[in-house]
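Structure first, commentary second.
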Amino acid sequence: SSVLIAAYDALGQLELQTGNYEAALAAARMALDLQLHRSGRRHEQFARRLNNLGAIEAQLGQLESAEQSLTDAVDLSKQIFGLDSLAVADRELNLAVVLRRLGKLAEARPLYEHILDVHHRLLGPEHPRFAQSRNNFGRLLEDLGEPGAAAEHYQHAAEVFRSAHGKGHPETATAEHNLARCWLKLGRAEEAEALATAVLDRRRTALGSEHDAVADTLMLLGNARQALGQATAARACFQEAARLYAAALGESSPYFLDALRQELSLLEETGDWNDAFVAGERCWSFHVRALGEQAELTRNIAAHVARIAARLGHDREREAWDSRSRSGR
């Protein structure tokens, strides 16, 4: 019955919200099967539940299954609603995100372009959903190596979000953060540093000083200051970002490990060999705990520490670290 289907649907959403993804997946599959028997495939409720299933599969990392479920949901939605529909655009976005995660950027691009077109025509250029679509498309363009084009989309998105929500809103900060990152890629380090500083203040105010999004902006600000030759200020950003990532996400988080590697790279770049040696040892130890001694990233860090030891004239340490860098090869 429709009541039983709705109950499984609600159960799936509840399990999803509480992080019980396997239970959510089972409930979503049951709702889909019941809907199929009740209405057949060519029905809006079946397309909606197929989309829900694909979204849960994506959250579980089952990207190939998610791609198939979401592709079917998009195709069915086009048959039911036609091409120029917000429902179709919403489901295309879920599929585009999965394709991007799979590295299928060329396949994702026409989906993002169609979403932009639909939102522009049905909602208008000043609507926040159109701005969000431009922000999403900008991320794809960055992945495709087009930071200049991406920056144009981020800039428009930021302007719309500022107008609709104000400067302090998280969506405004996200678009501005992305814009600053593109400016840095384009060699506009001073502008990137100024914008990242403003975003950092806004995120601290809106989200709290311990939020991992604050750490994201600290990393960006550190990169901008490194590009400007402000090594001490850049290092402080990387260190604070590492602390926040460890607290929010754990010391096995790839974001925490990346912050440690950024600090090490900065110290090598500036030739602060004593500090670099200490930072390298610390960076390596955390990678061992998170990834294991034989992981490629861990061995690469050991190779860096070996080169730093050679710079310091520490032959015994260089040999030991060189041996670690070859471990498992």
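The values are calculated or read from the model by the stated rules, or taken from the named source; none is laboratory data. Given the structure is predicted, the values throughout are model-derived calculations rather than measurements. Here the Cβ positions follow ideal geometry from the backbone for every residue, glycine too, while neighbour counts run over all protein chains shown.
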Point to revise | Every residue from region 36-62 that is surrounded by 19 or more Cβ atoms within 10 Å (Cβ to Cβ), among the hydrophobic types (A, V, I, L, M, F, W, C) and either in contact with a Ser or Thr (Cβ under 6 Å, 6 or more places away or on another chain) or farther than 14 Å from ASN94 by Cα (or both) | key: PHE46, ALA47, LEU50, LEU53
Revision key, fill the gap. Just one listed residue, out of ASP33, ASP72, is loosely packed, with under 15 Cβ neighbours inside 10 Å, in a helix (DSSP H, G or I) and modelled with pLDDT of 90 or more, and it is ASP33
Exercise for review: Might you let me know whether region 46-55 holds any residue that is closer than 23 Å to ARG109 by Cβ, polar (S, T, N, Q) and in a loop (DSSP other than H, G, I, E, B)?
Suggested key: no
Exercise for review: Determine, yes or no, whether PRO125 is within 17 Å of GLU171 (Cβ to Cβ) and either surrounded by fewer than 20 Cβ atoms within 10 Å (Cβ to Cβ) or at pLDDT 95 or above (or both).
Suggested key: yes
Practice item. Check off (1) out of contact with any Asp or Glu (no Cβ under 9 Å at 6 or more places or on another chain); (2) of a type in the set (Gly, Ala, Ser); (3) in a helix (DSSP H, G or I) for ALA24 and give me the number that stays unchecked. Key: (1)
Practice item. Read through the list (1) in contact with a helix residue (DSSP H, G or I) (Cβ under 7 Å, 6 or more places away or on another chain); (2) outside any helix (DSSP H, G or I); (3) within 24 Å of ALA248 (Cβ to Cβ), then give the number of the only condition that GLU126 fails. Key: (3)
Revision key, fill the gap. Note on region 94-114: residues under 20 Å from GLU57 (Cα atoms) and either of a type in the set (Asp, Glu) or buried (at least 19 other Cβ atoms within 10 Å of the Cβ) (or both) are ASN94, LEU95, ALA96, VAL97, VAL98, LEU99, ARG100, GLU107, ALA108, LEU111
Exercise for review: Determine, yes or no, whether VAL97 is in contact with a helix residue (DSSP H, G or I) (Cβ under 6 Å, 6 or more places away or on another chain) and among the aliphatic types (A, V, I, L, M).
Suggested key: no
Point to revise | Extreme residue, surrounded by the most Cβ atoms within 10 Å (Cβ to Cβ), among residues of region 6-19 that are of a type outside the set (D, E, K, R) and in contact (Cβ under 8 Å) with a residue 40 or more places away in the chain | key: GLY12
**Study point:** Scope region 262-279; condition free of Cβ contacts under 8 Å to residues at least 40 places away in the same chain and under 27 Å from the mean Cα position of the chain (by Cα); matching residues
**Key:** GLU263, SER265, LEU267, ALA279
Review point. Which one of SER77, SER65 is farther than 17 Å from HIS114 by Cβ and among the polar types (S, T, N, Q)?
Key: SER65
Review point. Do you know which residues across region 162-200 are among the charged types (D, E, K, R) and surrounded by 15 or more Cβ atoms within 10 Å (Cβ to Cβ)?
Key: ARG162, LYS167, GLU171, GLU176, ARG181, LYS185, ARG188, GLU191, GLU193
Check your understanding: Of all residues in region 46-97, which are of a type in the set (S, T, N, Q) and either in contact with a Pro (Cβ under 9 Å, 6 or more places away or on another chain) or touching a residue at least 40 places away in the same chain (Cβ under 8 Å) (or both)?
Key -> ASN51, ASN52, GLN59, ASN94
**Study point:** Candidates GLY271, GLY313, GLY280, GLY229, filtered to the one that is within 30 Å of THR174 (Cα to Cα), modelled with pLDDT of 95 or more and of a type in the set (Gly, Ala, Ser)
**Key:** GLY229
Check your understanding: So which pairs qualify, if the first residue must be in region 310-325 and closer than 12 Å to TRP284 by Cβ and crowded, with 17+ Cβ neighbours inside 10 Å, the second must be of a type in the set (Val, Ile, Thr) and at pLDDT 95 or above, the Cβ gap must be under 6 Å, and the two must be at least 6 apart or on different chains?
Key -> TRP321/VAL305
Practice item. Starting from region 158-169, keep only residues that are in contact (Cβ under 8 Å) with a residue 24 or more places away in the chain, then list their pairs with residues that are assigned to a loop (DSSP other than H, G, I, E, B) whose Cβ atoms are within a distance under 6 Å, requiring at least 6 positions of separation or different chains. Key: VAL160/GLU126
